[in-house]
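Participant: One structure is given below, represented as structure tokens, and several questions about it will come after.
The values are calculated or read from the model by the stated rules, or taken from the named source; none is laboratory data. These numbers come from a predicted model, not from an experiment. As a convention, Cβ positions derive from the backbone with ideal geometry for all residues, glycine included, and neighbour counts pool all protein chains shown.
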Amino acid sequence: TWTGELLGKIMTLVLQNNEFSKACQVMEKLDKGHGSIVGVPKFEDLSLFVDKCIEDKAPSRAITCIQYCADNGFPDAKALAAKLDEKLTLTEEHLKDLSKIVGNSELASKSSVAVD
């Protein structure tokens, strides 16, 4: 049985080793396997992943992580969304996805994204 904490540590290790694609696989496992994974990673591990997504210009992967954070009750998911919005130029689609997760008020972009 995998634990969220262990997967978070693995994700941090592979990120520190500049293996972004492996970290993405870990994030995918966390995201898809939430029913079989006990607990959640530390927020720092998830935040590091979002930072690397920004570095690698991979907003969709960052949004998946932010959604995971929000779904698991991390209050700082909003801060991650704001950071992503601030650091990368996001498409309307990305902004729409982010605003569905954290609401428009958290996003700096002047886009008028309507949330249905």
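Participant: Tally up the residues in segment 71-93 that are part of a helix (DSSP H, G or I) and surrounded by fewer than 21 Cβ atoms within 10 Å (Cβ to Cβ), please.
Facilitator: 9
Participant: Can I ask one more? Return the only residue of Ser112, Ser99 being in a loop (DSSP other than H, G, I, E, B) and either at pLDDT below 95 or not charged (D, E, K, R) (or both).
Facilitator: Matching residue, one of Ser112, Ser99: Ser112.
Participant: Looking at Ala70, is it in contact (Cβ under 8 Å) with a residue 12 or more places away in the chain, over 19 Å from Trp2 (Cα atoms) and aliphatic (A, V, I, L, M)? Spell out the reasoning first.
Facilitator: Details: in contact (Cβ under 8 Å) with a residue 12 or more places away in the chain: yes; over 19 Å from Trp2 (Cα atoms): yes; aliphatic (A, V, I, L, M): yes.
Yes, satisfied.
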